[in-house]
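What follows is a short report on a single structure.
The values are calculated or read from the model by the stated rules, or taken from the named source; none is laboratory data. The structure displayed is predicted, hence computed values, not measured ones. Neighbour counts run over all protein chains shown; Cβ positions are idealised from the backbone, glycine included.
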Amino acid sequence: VSDSSRTFDVAVVGGGVIGLAVAWRTAQRGLSVVVLERGELGAGTSHVAAGMLAPIAEAVPTEQPLLRLGLASVGMYPAFVAELAEAAGRDPGYLECGTLMIARDRDEAEALERQLAIRQELGLPVARLRASEARALEPALAPGLRLALEIPGDHVIDPRLLVPALGEALSRTGGEVRTGTEVASVIVDGDHVRGVALASDGAEIDAGQVVIAAGVWSGAIDGVPDGARVPLHPVKGQIMRLHDPAGPGLLTRVLRMQGGYVAPRGDGRYVLGATMEERGFDTTVTAGAVFELLRDAIELLPGLGELVIDELSAGLRPATPDNAPAIGPTAVGGLHWAAGHYRGGILLAPITASIVVAGLVGEPLPEPAAAADPGRFAGVTVDV
Ligand SMILES: Cc1cc2nc3c(=O)[nH]c(=O)nc-3n(C[C@H](O)[C@H](O)[C@H](O)COP(=O)(O)OP(=O)(O)OC[C@H]3O[C@@H](n4cnc5c(N)ncnc54)[C@H](O)[C@@H]3O)c2cc1C
């Protein structure tokens with residue numbers, strides 16, 4: 001059964017940061033677009049994320065294509081959030097604060113020197129700071145720290161402000177959002193997609209193009225032909241949200257240390273994260289993880305012990321076999337991927353939207369898209 005209320009140029013499956021960014025940019029190009037979200041907007045992994053925009057702190061020399069994607073996206077952020085704030089009429093929570101990477105002892109300092117050398121070889125902007133220089137920037141740091149790297153270009157955004165801003169911008173641009181709407185399968189006719197089928201009643205939504213943006217759950221959507229599938233698995237992260245009853249000021253930059261990070265929101269709220277665990281789709285919060293996160297952070301930032309705990313949560317990073325996402329068109333006409341963003345979906349939202357929209361309207365894909373070609377997984381499977 002199909003009627004005009006069920007017919008769109010583009011259907012986006014999943015209303016997290018990625019699906020919403022893609023849909024907003026799609027609507028701006030004059031295509032009719034619907035976001036189909038089984039729960040509430042942003043209630044998946046995007047709800048849990050810290051929101052660090054940290055391609056340089058997270059650079060891994062063996063993952064340079066991913067680094068290029070991250071650098072491209074972080075460079076897009078200032079204009080992206082400015083345009084979004086204007087389009088949505090609300091603050092997306094972007095904080096240009098910079099990042100410090102910290103070493104507490106000799107071993108960590110040696111490791112940090114290696115991290116510095118890697119970044120210098122790659123030509124990335126990083127400064128080496130003595131302990132006293134780091135404490136001059138962030139006076140709440142413990143006296144015992146050994147060494148720090150300052151990364152002035154790695155910032156942070158609050159995903160819980162970014163998501164509603166994207167949703168509002170999408171609606172104001174003429175896009176449609178349907179929450180409480182689970183997609184069971186994509187419908188492929190011959191070698192071209194023609195829509196999706198809903199889980200509740202099997203009703204079909206006609207769409208000339210479909211974007212799969214269902215995060216770590218994308219693999220559960222039926223009907224994707226073998227040559228267009230992407231292997232995904234969850235990597236669990238436990239994270240804590242806190243606030244300072246005394247207001248902002250304890251910490252102004254993101255702190256990254258071995259085993260975790262503390263990110264300020266700029267208003268006295270902080271996030272402390274995060275574990276990396278292979279535990280399937282489990283999202284329980286464990287005492288041991290909370291203990292370890294607090295122990296490491298309080299050693300470095302003693303004032304953290306005075307903060308009030310607001311929330312403990314766990315989320316599932318959508319990981320692929322090579323840690324890079326799957327973004328763009330597939331071998332099936334009209335079927336596009338925007339998933340597998342692992343640790344960087346908030347960071348990669350702007351570049352993901354640009355790549356997907358270029359694919360949807362048939363323009364050449366921007367340069368870093370090659371690293372994210374979904375076609376590289378044809379024939380690859382993983383056990384979850
Ligand atoms: C602890 C933690 C910390 C993190 N910190 C950072 C960080 O600092 N910086 C960063 O860039 N990234 C971070 N990440 C990673 C980031 O959260 C993810 O990469 C990003 O949120 C992925 O966004 P998404 O839109 O693809 O997925 P999601 O936010 O999970 O959205 C997918 C949506 O699809 C919906 N859905 C699923 N199946 C269906 C279906 N069949 N039909 C309809 N809807 C469906 C879900 O309900 C969900 O809302 C962190 C992750 C964790 C767990």
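Got a sec? Which strands (runs of 3 or more DSSP E) wholly within segment 127-228 have at least 2 residues that are closer than 30 Å to Gly303 by Cα and aliphatic (A, V, I, L, M)? Can you show your working first?
Values: elements: 127-130, 147-151, 155-157, 176-178, 183-189, 192-198, 204-212.
Once the strands (runs of 3 or more DSSP E) in segment 127-228 are filtered for at least 2 residues that are closer than 30 Å to Gly303 by Cα and aliphatic (A, V, I, L, M), what remains is 127-130, 147-151, 155-157.
I need the full set of residues from segment 43-82 which are in a helix (DSSP H, G or I) and closer than 29 Å to Gly180 by Cβ, in order please.
Our first condition is that a residue be in a helix (DSSP H, G or I); within segment 43-82, this holds for 45-47, 61-82.
Listed by number, the residues that qualify are Thr45, Ser46, His47, Phe80, Val81.
Assess whether Gly167 counts as being within 16 Å of the ligand (Cβ to nearest atom), within 30 Å of Ala142 (Cα to Cα) and either modelled with pLDDT of 95 or more or in contact with a Lys or Arg (Cβ under 7 Å, 6 or more places away or on another chain) (or both).
Values: within 16 Å of the ligand (Cβ to nearest atom): yes; within 30 Å of Ala142 (Cα to Cα): no; either modelled with pLDDT of 95 or more or in contact with a Lys or Arg (Cβ under 7 Å, 6 or more places away or on another chain) (or both): yes.
It is false that Gly167 is within 16 Å of the ligand (Cβ to nearest atom), within 30 Å of Ala142 (Cα to Cα) and either modelled with pLDDT of 95 or more or in contact with a Lys or Arg (Cβ under 7 Å, 6 or more places away or on another chain) (or both).
Of the numbered conditions (1) outside any helix (DSSP H, G or I); (2) over 13 Å from the mean Cα position of the chain (by Cα); (3) within 14 Å of the ligand (Cβ to nearest atom), Leu31 satisfies every one except a single condition; which is it?
(3)
Within segment 250-273, is even one residue more than 24 Å from the chain's Cα centre (by Cα) and either surrounded by 18 or more Cβ atoms within 10 Å (Cβ to Cβ) or in contact (Cβ under 8 Å) with a residue 12 or more places away in the chain (or both)?
Initially, segment 250-273 is screened for residues more than 24 Å from the chain's Cα centre (by Cα), giving 250.
If we keep only those that are either surrounded by 18 or more Cβ atoms within 10 Å (Cβ to Cβ) or in contact (Cβ under 8 Å) with a residue 12 or more places away in the chain (or both) too, we end up with 250.
Yes - at least one qualifying residue is present in segment 250-273.
Among the candidates Glu299, Glu292, which residue alone is within 15 Å of the ligand (Cβ to nearest atom), surrounded by fewer than 16 Cβ atoms within 10 Å (Cβ to Cβ), of a type in the set (Asp, Glu) and outside any strand (DSSP E or B)?
Details: Glu299 fails: within 15 Å of the ligand (Cβ to nearest atom).
Exactly one of Glu299, Glu292 is within 15 Å of the ligand (Cβ to nearest atom), surrounded by fewer than 16 Cβ atoms within 10 Å (Cβ to Cβ), of a type in the set (Asp, Glu) and outside any strand (DSSP E or B), namely Glu292.
Residue under question is Leu312, and the condition is that it be part of a strand (DSSP E or B) and either touching a strand residue (DSSP E or B) at 6+ places or on another chain (Cβ under 9 Å) or within 13 Å of the ligand (Cβ to nearest atom) (or both); does it hold? I'd like the intermediate steps shown before the answer.
Numbers: part of a strand (DSSP E or B): yes; either touching a strand residue (DSSP E or B) at 6+ places or on another chain (Cβ under 9 Å) or within 13 Å of the ligand (Cβ to nearest atom) (or both): yes.
Yes.
One residue is enough: does segment 275-285 have a residue meeting the conditions within 13 Å of the ligand (Cβ to nearest atom), crowded, with 18+ Cβ neighbours inside 10 Å and either of a type in the set (Gly, Ala, Ser) or outside any loop (DSSP other than H, G, I, E, B) (or both)?
Taking every residue of segment 275-285 in turn, none turns out to be within 13 Å of the ligand (Cβ to nearest atom), crowded, with 18+ Cβ neighbours inside 10 Å and either of a type in the set (Gly, Ala, Ser) or outside any loop (DSSP other than H, G, I, E, B) (or both).
Looking at segment 319-334, can you tell me whether even one residue there is away from the ligand (no atom under 16 Å from the Cβ) and in a strand (DSSP E or B)?
Checked against the condition, which is being away from the ligand (no atom under 16 Å from the Cβ) and in a strand (DSSP E or B), segment 319-334 yields at least one hit.
Considering (1) within 22 Å of the chain's Cα centre (by Cα); (2) within 16 Å of the ligand (Cβ to nearest atom); (3) farther than 18 Å from Ala43 by Cα; (4) surrounded by fewer than 18 Cβ atoms within 10 Å (Cβ to Cβ), say which one Ala220 fails and leave the rest.
Looking at each condition in turn, Ala220 falls short on (3).
So, of the residues in segment 175-215 that are within 14 Å of the ligand (Cβ to nearest atom) and of a type in the set (S, T, N, Q), which turns out to be surrounded by the most Cβ atoms within 10 Å (Cβ to Cβ)?
Among those residues, the one meeting the criterion is Thr181.
Residues in segment 97-120: is at least one in a loop (DSSP other than H, G, I, E, B), crowded, with 17+ Cβ neighbours inside 10 Å and modelled with pLDDT of 95 or more? Outline the logic, then answer.
To start, the set of residues in segment 97-120 that are in a loop (DSSP other than H, G, I, E, B) comprises 97-98, 104-105.
Subset that is crowded, with 17+ Cβ neighbours inside 10 Å: 97, 104.
The next check asks that each one be modelled with pLDDT of 95 or more; those that pass are 97.
Within segment 97-120, one or more residues are in a loop (DSSP other than H, G, I, E, B), crowded, with 17+ Cβ neighbours inside 10 Å and modelled with pLDDT of 95 or more.
Of the conditions (1) within 14 Å of the ligand (Cβ to nearest atom); (2) not in a loop (DSSP other than H, G, I, E, B), Gly359 clears all except one; give me its number.
Result: Gly359 passes all but (1).
Which residues, counting only those in segment 38-63, are of a type in the set (Gly, Ala, Ser) and either under 17 Å from the mean Cα position of the chain (by Cα) or more than 6 Å from the ligand (Cβ to nearest atom) (or both)?
Restricting attention to segment 38-63, the residues satisfying the condition of being of a type in the set (Gly, Ala, Ser) are 39, 42-44, 46, 49-51, 54, 57, 59.
Gly42, Ala43, Gly44, Ser46, Ala49, Ala50, Gly51, Ala54, Ala57, Ala59, listed by residue number.
Residues of segment 66-95 being in contact (Cβ under 8 Å) with a residue 60 or more places away in the chain and among the acidic types (Asp, Glu), which ones?
Asp91
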